[in-house]
Amino acid sequence: MNIVKIVKNVLRNLKFTMGNIPNESVTINYPEEKRDLPDRLRIGTFGLTQNEENGEENCIACKLCEKICPSNIIDIEIEKRDGRGFAKRFFLDLQSCIQCELCVQICPVDAIVMMRVPAKPVTLRSDLYLTKSKMMNNAKLYKQSWAKGSTLQNSQKPKIDKEKK
């Protein structure tokens with residue numbers, strides 16, 4: 001009786017395998033061909049944006065991203081000049097980052113953004129520490145993700161039904 005079950009399973013599996021042989025392969029030749037990634041995929045690295053008109057950094061050093069980070073990987077040192085705050089030092093440790101995007105979501109001036117670039121393998125641990133200059137460079141080099149603080153905050157506001165008003 002046990003042999004009958006084994007033979008049935010082998011024949012069923014052979015039938016499945018033989019049925020899939022004429023099907024086309026779904027693999028791609030990676031370096032030459034690249035898959036389209038979903039728009040809302042959370043991958044990559046972070047960037048600090050600059051004002052396009054005057055080239056000044058957007059970060060006002062409010063430290064909201066530092067406070068909301070569940071991994072406590074963001075460290076900001078504040079510098080005051082010209083009546084506003086600036087990030088004298090901005091440090092983000094990608095080793096412990098859980099890609100939750102809370103820092104992006106809370107930013108009131110859309111200064112910190114996620115970039116649409118797959119995470120690159122590194123050989124040095126120091127490459128996983130993002131400084132202010134690295135993050136500003138990332139914002140210039142790579143395409144921004146769909147999410148910015150203002151976009152995410154507006155998407156979570158309750159929708160008011162106009163007919164009820």
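Evaluate the Kirkwood expression for the hydrodynamic radius of the stretch 46-154, namely the inverse of the mean inverse distance over all pairs of different C-alpha atoms, and round to one decimal in Å.
On the way: mean 1/r = 0.0708 Å⁻¹.
Hydrodynamic radius (Kirkwood, Cα only) of the stretch 46-154 equals 14.1 Å.
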Among Asn154, Asn58, Asn138, residue whose mean-square fluctuation peaks in a GNM of the chain (springs only between Cα atoms under 10 Å)
Asn154
For the stretch 122-138, 3J(HN,Hα) per residue [Karplus equation, 6.51 cos²θ - 1.76 cosθ + 1.60, θ = phi - 60°, Hz, x = Gly/Pro]
10, 10, 10, 4, 5, 6, 8, 9, 9, 9, 4, 5, 5, 5, 5, 5, 4
Could you check the spin-label model distance between Ser133 and Lys120? Points 7 Å from the Cα along Cα→Cβ, value in nm.
1.7
What percent do you get for the relative contact order of the stretch 46-154 when only Cα pairs under 8 Å and 6+ apart count?
32
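Mind checking the full-extension length gain between Val26 and Glu77? Use 0.36 nm per residue of separation minus the Cα-Cα distance, one decimal, nm.
Numbers: separation 51, 0.36 × 51 = 18.36 nm, distance 4.91 nm.
Result: 13.4 nm gained on full extension.
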Read phi for every residue in the stretch 74-90 and hand back ³J(HN,Hα) as whole Hz from Karplus 6.51 cos²θ - 1.76 cosθ + 1.60, θ = phi - 60°, with x for Gly and Pro.
9, 9, 10, 10, 8, 9, 9, 7, 6, x, 9, x, 10, 7, 5, 9, 10
Can you work out the PRE-style zone for Gln153? Point 7 Å along Cα to Cβ, and I want the residues of the stretch 65-90 with backbone N under 13 Å.
65
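Every read-out reported here was derived from the displayed coordinates using simple, explicitly stated rules and does not represent laboratory data. Since the structure is predicted, the reported quantities are computational estimates derived from the model, not experimental observations. We place every Cβ from the backbone using ideal geometry, glycine too, and count neighbours over all the protein chains shown.
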